[in-house]
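Participant: Could you have a look at this structure, given as structure tokens, before my questions?
The values are calculated or read from the model by the stated rules, or taken from the named source; none is laboratory data. Small disclaimer: the values here were computed from a predicted structure and weren't measured.
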Amino acid sequence: MAQYFEAHPENPQPRLLKQAATLLQKGGVLAVPTDSSYALVCHLDDRDAVERMRRIRQIDDKHHLTLLCRDLSELASYALVDNRQYRLLKLATPGPYTFILDATKEVPRRVSHPQRKTIGLRVPDRKGLLLLLELHGAPLLATTLIPAGETEPLNDPQLIRERYEKLLDGIVDAGACPDEPTTVLDLTTMANGGDPTVVRQGRGELQPLGL
């Protein structure tokens, strides 16, 4: 049965999020709000938790999972980033963008894309989630909370509780999210002098990035 944490959206209570971080460190899978929609998260290095998260979402190992990082310095530990890529990342973070980059050896093979050896990374702009990442002390592996057979993510924490209470270890309720997906940019093409590829246009605007 999932523990339920009601966190203030603007001034999240550290005490509650510390309890949520403890669940993650023990191998838990949680539903948390981001700056785009609710997502499932777990500890990066916990094989069992990663497999549980995939089962809950009913996705296979070809589905890109996203690594949520606190800042660019943390992101650079898990992705190969050159100067051009870094300048674009600096413009876009924190914010509602997901970047596909070549994974470093720090990323377990089971969570990078099996054919391309890439990883999706983002630095979210949501106070409660950033505090949770800080308290956890490491990036979190995430996937948008879209029920199997559906196309839209869940954005109502009460509905998430009704549908997933028996499958999750915790739910962080910090109110509704913007309910618009992130903009996904493939930056691997920049490594060979190319331009970023827009995989999906979402909440993150392209013009401020010069795209």
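Participant: Out of the residues in the stretch 18-44 that are closer than 25 Å to GLY95 by Cα and among the charged types (D, E, K, R), which is modelled with the highest pLDDT?
Facilitator: Start the filter on the stretch 18-44 by keeping residues that are closer than 25 Å to GLY95 by Cα, which leaves 18, 20-21, 24, 29-44.
Within this subset, residues satisfying the condition of being among the charged types (D, E, K, R) are 18, 35.
Numbers: LYS18: 94, ASP35: 90.
Only one residue fits best here, namely LYS18.
Participant: Right, THR197: closer than 24 Å to CYS69 by Cα and under 16 Å from the mean Cα position of the chain (by Cα) or not?
Facilitator: So THR197 does not fit the description; no.
Participant: Checking ARG116 against (1) at pLDDT below 90; (2) in a loop (DSSP other than H, G, I, E, B); (3) within 17 Å of the chain's Cα centre (by Cα): exactly one of these is not met. Which one?
Facilitator: Every listed condition holds for ARG116 apart from (3).
Participant: Out of the stretch 73-88, which residues are closer than 15 Å to ILE119 by Cα and not β-branched (Val, Ile, Thr)?
Facilitator: GLU74, LEU75, ALA76, SER77, TYR78, ALA79, LEU80, GLN85 - these are the residues of the stretch 73-88 that are closer than 15 Å to ILE119 by Cα and not β-branched (Val, Ile, Thr).
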